[in-house]
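Engineer: There's a structure below that I have some questions on.
The values are calculated or read from the model by the stated rules, or taken from the named source; none is laboratory data. Just so it is clear, the structure is predicted and the values come from calculations on it, not from any experiment. For neighbour counting, all protein chains shown are included, and Cβ atoms are generated from backbone atoms with ideal geometry for every residue, glycine included. Please note that ligands, DNA and RNA were not included when accessible areas were found on the heavy atoms of the full protein model with its side chains. Shrake-Rupley method; radii C 1.70, N 1.55, O 1.52, S 1.80 Å.
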Amino acid sequence: MQAENPGFFYAIQLDEDNRISNVFWADARSRTAYSHFGDAITFDTNYRVHQYRVPFAPFTGVNHHGQMILFGCAILLDESEASFIWLFKTFLTAMNDRHPASIITDRDKAIQVAVSQVFPETRHCLNKWNVLRAGQEKLAHVCLSHPTFQVELYNCINLTETIEEFEFSWSSLVDKYDLKGQEWLQSLYDSRAQWVPVYFRDSFFAVISPDHAFDASFFDGYVNQQTTLPMFFRQYERALEVSFQRELEADFDTICTTPVLRTPSPMEKQAADLYTKKVFTKFQEELVETFVYTANRIEGDATVSTFRVAKFEDDDKEYTVTLNYGDMIANCSCQMFEYSGVLCRHVLTVFTVTNVLTLPPHYILGRWTVNAKAGHGIAGPSTESSSNPEILTSRYNTLCREAIQYAEEGAVASETYTAALAALREGIKKVAAAKKNVAKVSPTSLQVSGTAAQDDKKTSAPASDAPSLLWPDQDEASRSFNLNDNGASTQSVADLNLPRMFPVSVQRDDGPPGNLVILNNLFSMKFMHCFSWLSTWFCFH
C-alpha cells in the first residue's frame, strides 16, 4: 500500500517474542482529512476480528457535510493501558502532532487513563451508545410496561440544553416511572458528567444533530465478529471507497444545486454561499425559528448588553444572550455554537433586533464551509537549505496534501477531470523546467526510503528525543533489520511505549532501540504478501 501511496503511514509494535502485537495505519487521504477535520475525533473499540477477537479500533471524525470519515485504524493485541498509550502517541505522530479539540471514546478505564496522558488538553467524553447499550436489558420491564419511556429518556439526554434542565428532566423521569432503586440507572446518573452532552456544550464536538453519537460506526455493514482477516482488508478498502464516493456526491450536490431561501435576510444568502448544503440546512432551520422568538434587553449599555430570549407563547423557557457590540461577540446560555460551530436561533434573534445583517467572520467556522479543504495551515516555502531533511519532509507533506485535494476536486465531473489532467500535465512541464535551474543535490547528503525516518547517529537516543526525520538511507535500513539482535543496550520501561515509528517501521514493545526495524518498500511488500497468504491459509485450515 505504501508503494502505491507514498503518503501511507503505518507502525507495527512487536512483543518480546518478535510477534506483532499492535498495528496502526492511515492512508494519505485519511491523514489529509485529519488536517481539515481533526478538531473532533471518535475512537471506537467495539469491533472484534474473527477467531482471535482482537480489538479493531478505527479513529473517525466528521467532514464538512456532516458525514463520518476515517482518520486511521488499529488492530491491537489487547486493551491494556500500554497498548492505548502506544496507539494514541503513534496516532499523533501520523497526524503531525496536531491534538484534537475533543475526543469521544468507549467507556473503558484503560482508554480513559491513556487519553488523560496523551491528550491532556483535549476534552474527553464517553460514547452515549456505549454507555447506554445495556439499557435494553437492564430496563426491559420498564420499556415493555411504558412504551413512552424510551422517548422521554432520549429527550432528557439529547434535547436538554442546560444542566439545570437535564437535572430536572432526569429527576422527573425517575419519579414518574418509580426508578429510584434501579442500580444501573443510578450508576449512569453518577457518571453523567462523562457522557451527557449538556455537560460538554462548552467544547467543540462537531455535533449538528442530537443523534451524532448514536450514528452507525464507520465500518458498520462491513466488519463484524465473523469477519476473517483477509476479508477484513477487502472490506476496509470497500468502506473507504464508499465513503469517498459519498463525499464526492455531497460535494457535487452542494456545488450544483442552489438552496431555496426562506427569508429576505442577507445573512441567509451569505450562509447559502458559504456553507455546505447539509450545514446550511441546519443554519436555515435556526434562522427561520427566529420569527417565533423575541429578544428583550434586560441590562447593559452601548458596549455590552444582556438579552432575554424566549418564544412568544413559551415564557417559561428562556435563554440569556450577552452581546459585545464592539467585538460583535455573542454568548448564549444554550452554547450551541461552542458545541456545534453553528449559531443558534437565540443569538440570531438578538442579531435581528440589533440590526446585525450579516454573520461576523468569527462565526463562520471554516470546517463547515464549501472551501473547508482549501487550506490546511501548512507553512509556505522555506529559504533554508534544501538538504535539510525536515524541510524536505515539510515540502513533501504539503505537496501530498495538495495533490490529494487536487485529485478529489478534479474527479467530481468529467469536465473538472479533463481540466485537472491538462493543468497537471502542464504543471509537470513547469517543474521539469525549474529543476534545470536548481543545483543537483549530492545523493550521499540525503537519506532516502519511503517516508520513514531515523538518524543513524541517534538510534540509541530515548524515544522522546528521536528526531522526526524522513528518508533514512536504504543501506542503513537493511542493516537495521535484525529482530534477533541481542547486543543492543537495554531500555528503560518508561521509554517502551513511546511512538518511535514512522510510516515503514516495526518496533518491539519491550526491546532496546536497536530493535527498531525500518523496512524498505520491497521487503515490506513481500512481508505483507506473506502475512496475507499465511492468514488465508490459517482460515482455511
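Engineer: Taking residue 177 as meeting all but one of (1) open to solvent by 40 Å² or more (accessible area, probe 1.4 Å); (2) in contact (Cβ under 8 Å) with a residue 24 or more places away in the chain; (3) not hydrophobic (A, V, I, L, M, F, W, C), write down the number of the exception.
Structural biologist: (1)
Engineer: Take the residues in segment 182-202 that are touching a Phe, Trp or Tyr at 6+ places or on another chain (Cβ under 7 Å) and assigned to a loop (DSSP other than H, G, I, E, B); name whichever of them is least open to solvent (accessible area, probe 1.4 Å).
Structural biologist: Among them, the one singled out is 196.
Per-residue answers, yes or no, for (1) open to solvent by 10 Å² or more (accessible area, probe 1.4 Å); (2) in contact (Cβ under 8 Å) with a residue 40 or more places away in the chain; (3) within 15 Å of residue 91 (Cβ to Cβ):
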site: 11; (1), (2), (3): no, yes, yes
site: 24; (1), (2), (3): no, yes, yes
site: 27; (1), (2), (3): yes, yes, yes
site: 42; (1), (2), (3): yes, yes, yes
site: 46; (1), (2), (3): yes, yes, no
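Engineer: May I pose another question? Which residues, taken from segment 288-310, are of a type outside the set (Val, Ile, Thr), surrounded by 14 or more Cβ atoms within 10 Å (Cβ to Cβ) and farther than 15 Å from residue 332 by Cα?
Structural biologist: At the first step, the residues of segment 288-310 found to be of a type outside the set (Val, Ile, Thr) are 289, 291, 293, 295-297, 299-302, 305, 307-308, 310.
Keeping just the survivors that are surrounded by 14 or more Cβ atoms within 10 Å (Cβ to Cβ) gives 289, 293, 295, 297, 300, 305, 307-308, 310.
Once the filter is applied, which keeps residues that are of a type outside the set (Val, Ile, Thr), surrounded by 14 or more Cβ atoms within 10 Å (Cβ to Cβ) and farther than 15 Å from residue 332 by Cα, segment 288-310 yields 289, 300.
Engineer: Taking into account only those residues within segment 193-233 that are among the small types (Gly, Ala, Ser) and within 19 Å of residue 125 (Cα to Cα), which is modelled with the lowest pLDDT?
Structural biologist: First pass over segment 193-233, keeping only residues among the small types (Gly, Ala, Ser): 193, 203, 206, 209, 213, 216-217, 221.
Still in the running and within 19 Å of residue 125 (Cα to Cα): 193, 203, 206, 209, 213, 216-217.
On the way: 193: 94, 203: 95, 206: 93, 209: 77, 213: 49, 216: 60, 217: 77.
Across segment 193-233, the extreme among qualifying residues is 213.
Engineer: Looking at segment 137-163, which of its residues are part of a helix (DSSP H, G or I), closer than 30 Å to residue 333 by Cβ and within 32 Å of the chain's Cα centre (by Cα)? So that I can check it myself, show each step before the final result.
Structural biologist: So the first thing to find is which residues in segment 137-163 are part of a helix (DSSP H, G or I), and the list is 137-138, 140-145, 149-158, 163.
Filter once more, so that each one left must be closer than 30 Å to residue 333 by Cβ: 149-158, 163.
150, 151, 152, 153, 154, 155, 156, 157, 158, 163 - these are the residues of segment 137-163 that are part of a helix (DSSP H, G or I), closer than 30 Å to residue 333 by Cβ and within 32 Å of the chain's Cα centre (by Cα).
Engineer: If you check every pair at least six apart or on different chains, which have Cβ atoms under 6 Å apart with a residue in segment 228-239 that is in a helix (DSSP H, G or I) first and a residue that is open to solvent by 30 Å² or more (accessible area, probe 1.4 Å) second?
Structural biologist: Cβ pairs passing all conditions: 230/536; 235/222; 239/222.
Engineer: I'd like to check which strands (runs of 3 or more DSSP E) are fully inside segment 1-101 and have at least 2 residues that are β-branched (Val, Ile, Thr) and under 30 Å from residue 277 (Cα atoms). Working first, answer last.
Structural biologist: Values: elements: 9-14, 20-26, 40-43, 55-62, 68-75.
Per the criteria, 40-43, 55-62.
Engineer: Residue under question is residue 167, and the condition is that it be of a type in the set (D, E, K, R), in a helix (DSSP H, G or I) and surrounded by 13 or more Cβ atoms within 10 Å (Cβ to Cβ); does it hold? First the steps, then the outcome.
Structural biologist: Working: of a type in the set (D, E, K, R): yes; in a helix (DSSP H, G or I): yes; surrounded by 13 or more Cβ atoms within 10 Å (Cβ to Cβ): yes.
Considered against the rule, which asks whether it is of a type in the set (D, E, K, R), in a helix (DSSP H, G or I) and surrounded by 13 or more Cβ atoms within 10 Å (Cβ to Cβ), residue 167 comes out as yes.
Engineer: Assess whether residue 195 counts as being among the hydrophobic types (A, V, I, L, M, F, W, C) and in contact with a strand residue (DSSP E or B) (Cβ under 7 Å, 6 or more places away or on another chain). Let's see the steps before the verdict.
Structural biologist: Details: among the hydrophobic types (A, V, I, L, M, F, W, C): yes; in contact with a strand residue (DSSP E or B) (Cβ under 7 Å, 6 or more places away or on another chain): yes.
Yes: the conditions hold for residue 195.
Engineer: Looking at segment 106-136 only, could you name the residues that are within 22 Å of residue 177 (Cα to Cα) and assigned to a loop (DSSP other than H, G, I, E, B)?
Structural biologist: 133, 134
Engineer: I would also like to ask the following. Please verify whether segment 257-264 includes one or more residues that are of a type outside the set (Ser, Thr, Tyr), open to solvent by less than 70 Å² (accessible area, probe 1.4 Å) and either at pLDDT 95 or above or assigned to a loop (DSSP other than H, G, I, E, B) (or both). Spell out how you get there, then give the answer.
Structural biologist: Taking segment 257-264 and keeping what is of a type outside the set (Ser, Thr, Tyr), we get 259-262, 264.
Imposing the further condition that a residue be open to solvent by less than 70 Å² (accessible area, probe 1.4 Å) reduces the set to 259.
If we keep only those that are either at pLDDT 95 or above or assigned to a loop (DSSP other than H, G, I, E, B) (or both) as well, we get 259.
Yes, segment 257-264 contains at least one residue that is of a type outside the set (Ser, Thr, Tyr), open to solvent by less than 70 Å² (accessible area, probe 1.4 Å) and either at pLDDT 95 or above or assigned to a loop (DSSP other than H, G, I, E, B) (or both).
Engineer: Kindly provide the set of residues from segment 105-122 that are among the β-branched types (Val, Ile, Thr) and either closer than 14 Å to residue 85 by Cα or open to solvent by less than 10 Å² (accessible area, probe 1.4 Å) (or both), ordered by number.
Structural biologist: First, pick out the residues of segment 105-122 that are among the β-branched types (Val, Ile, Thr): 105, 111, 113, 115, 118, 122.
Across segment 105-122, the qualifying residues are 105, 111, 113, 115, 118.
Engineer: In segment 327-341, is there at least one residue being at positive phi and free of Cβ contacts under 8 Å to residues at least 60 places away in the same chain? Spell out how you get there, then give the answer.
Structural biologist: Initial filter on segment 327-341 (at positive phi): 328, 335, 341.
Then drop every residue that is not free of Cβ contacts under 8 Å to residues at least 60 places away in the same chain, which leaves 328.
Scanning segment 327-341 turns up at least one residue that is at positive phi and free of Cβ contacts under 8 Å to residues at least 60 places away in the same chain.
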